[in-house]
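Structure first, commentary second.
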Amino acid sequence: MSALASTGLQVHPLCLGGNVFGWTADEDASFAVLDRYVAAGGNFVDTADVYSAWVPGHEGGESEAVIGRWLAARGGREELLVATKVGMNAGPGFANLRPETVAAACDASLQRLGVEYIDLYYAHRDDEDVPLEESLGAFDALVKAGKIAHVGVSNVSAARLREMVAVVQAEGYAPIAAVQPQYNLLDRHGFEDELQSVCLEHGIACVPYYGLAMGVLTGKYTRESVAEEIGSPRAKGAIKTYGADERTWAALHALRAIAGERGVPVAAVALAWLRSRASVLAPIASARSVEQLEDLLPLAALELTVDEVGALDTATA
C-alpha cells in the first residue's frame, strides 16, 4: 500500500486538477468548482508552482494563490489533500531540483497556499544535473521539517524511478509515495510497459494526468467534427497528439456504449477505466466550470465490470 493511501483520509477517486485555476477559470469560477467538488465528497486537489506561467503577464503560482484564497475563505484544510510541484517554474528561477531551489520553492508554495504543510510534494520533472542524493535529500529534509507529508515524482522513466527508490532506501530518506505519469486509454505503453510494475513492486501510488487525453476521451470529438476545421488551438493539439485514427474511434465507440448503458458521461467511464488499474490511486482531471465538473463526479460511484474493462482494453490495445 502506498504511504499516501494510508493517510487518515479516504482518498477520493477523482483528484481535481488545478491547472486551470487563475487561467481559463477565473477566481469566481475556480471557487465554484472547488466548492462543488468538496460538496460532492472530494478531498484531493493537485496544482503546481508553474501554473500558469505560460500565460502572458503570469509568472507561476497563480493556481496555488487561488486555492490559498479559497482555503482562507472556506476553511476545511484538515479534510483536504493538497498536492503541488517544484522543478518546472522558470519564472522565479525554480526550474531545477537543486536543494536550495526545492527548499525555497516549497516555502513560496506554502505561502501562496496559506498552509503549514503540503500533503504531497512532487518533483515535477527529473533533473539529471542534480545528484539524486541531493535532490531527494532536499525532499527528505522538508518531510523532517514538517513542511511536506509525502514525496512524489512526475514525468520519470521506470529506470529512473528504480534509481530513486534505491537512493531513498540506501540513504534512509522518506519513501516515494506517488508518481504522476501521463496515462490514459490512448496513451498506455509509457506507463504499462514497465513503470506500472515499479509502482506495484514498491507500493507507489499512480496519480495519472491527461486522464481524458486532452479532452479527446470526453467524447466531444467525432469523425465528422475532426474532418472539418476544428476551431480552437487546444482542440487541434489534442487531435494531433492522440490521433484521429481507427484506434481513437474504437475507444470512443466502446466508451459511448458503456456510458449509454450506465447512464453516465463518457468522461466518467474513461476515468473509471484508469481507476480499475491496480496501481492507480486517483486520476487527475480538471474542470473550468461546475458544468464540466458534473461530467467527472459520477466516477466516485462508478465501478466497471470485468467485461467493460476488457472491452476498453481490447479497443485500445
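The values are calculated or read from the model by the stated rules, or taken from the named source; none is laboratory data. Predicted model, so just to flag it, every value in this text is computed and none were measured. So basically every Cβ, Gly included, is an ideal-geometry build from the backbone, and we count neighbours across all protein chains shown.
The condition of being over 22 Å from residue 299 (Cβ atoms), polar (S, T, N, Q) and part of a helix (DSSP H, G or I) holds for residue 169. Yes or no: the stretch 288-306 includes at least one residue that is in contact with a strand residue (DSSP E or B) (Cβ under 7 Å, 6 or more places away or on another chain) and closer than 15 Å to residue 213 by Cβ. Scanning the stretch 288-306 turns up at least one residue that is in contact with a strand residue (DSSP E or B) (Cβ under 7 Å, 6 or more places away or on another chain) and closer than 15 Å to residue 213 by Cβ. Out of all the residues in the stretch 270-317, which are within 16 Å of residue 41 (Cα to Cα), in a helix (DSSP H, G or I) and among the hydrophobic types (A, V, I, L, M, F, W, C)? Those that are within 16 Å of residue 41 (Cα to Cα), in a helix (DSSP H, G or I) and among the hydrophobic types (A, V, I, L, M, F, W, C): 290, 293, 297, 299, 300, 301.
Have a look at 270, 278 and point out the one that is of a type outside the set (Val, Ile, Thr), within 24 Å of the chain's Cα centre (by Cα) and modelled with pLDDT under 95.
Values: 270 fails: modelled with pLDDT under 95.
Result of the check over 270, 278: 278.
Within the set 179, 165, 226, the sole residue that is farther than 20 Å from residue 121 by Cα, hydrophobic (A, V, I, L, M, F, W, C) and out of contact with any Asp or Glu (no Cβ under 7 Å at 6 or more places or on another chain) turns out to be 226. Number of residues in the stretch 6-19 that are under 12 Å from residue 119 (Cα atoms) and either at pLDDT below 60 or not in a loop (DSSP other than H, G, I, E, B) (or both) equals 1.
Here's the yes/no breakdown for (1) touching a helix residue (DSSP H, G or I) at 6+ places or on another chain (Cβ under 7 Å); (2) of a type in the set (A, V, I, L, M, F, W, C); (3) buried (at least 21 other Cβ atoms within 10 Å of the Cβ):
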position	(1), (2), (3)
257	no, yes, no
264	yes, yes, no
283	yes, no, yes
312	yes, yes, yes
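Residue check: residue 244 meets all listed conditions (1) part of a helix (DSSP H, G or I); (2) crowded, with 17+ Cβ neighbours inside 10 Å but one, namely (1).
Do you know which of the residues in the stretch 26-83 that are outside any helix (DSSP H, G or I) and aromatic (Phe, Trp, Tyr) is surrounded by the most Cβ atoms within 10 Å (Cβ to Cβ)? Restricting to residues being outside any helix (DSSP H, G or I) and aromatic (Phe, Trp, Tyr), the top hit is 51. Has the stretch 118-129 got at least one residue that is among the aliphatic types (A, V, I, L, M) and in a helix (DSSP H, G or I)? Within the stretch 118-129, none of the residues are among the aliphatic types (A, V, I, L, M) and in a helix (DSSP H, G or I). Evaluating residue 224 against the criteria (1) out of contact with any helix residue (DSSP H, G or I) (no Cβ under 9 Å at 6 or more places or on another chain); (2) closer than 16 Å to residue 186 by Cα leaves one unmet condition, (2). For the stretch 96-114, indicate whether the set of residues that are without any contact (Cβ under 8 Å) to a residue 60 or more places away in the chain and assigned to a strand (DSSP E or B) is non-empty. No, the conditions are met nowhere in the stretch 96-114.
Test residue 134 against the stated conditions and say whether it is closer than 20 Å to residue 93 by Cα and part of a helix (DSSP H, G or I). Talk me through it step by step, then tell me what you get.
Details: closer than 20 Å to residue 93 by Cα: yes; part of a helix (DSSP H, G or I): yes.
So residue 134 fits the description; yes.
Condition first: under 18 Å from residue 82 (Cβ atoms) and surrounded by fewer than 18 Cβ atoms within 10 Å (Cβ to Cβ). Now tell me which residues in the stretch 109-139 satisfy that. Answer for the stretch 109-139, where residues must be under 18 Å from residue 82 (Cβ atoms) and surrounded by fewer than 18 Cβ atoms within 10 Å (Cβ to Cβ): 111, 114, 116, 117.
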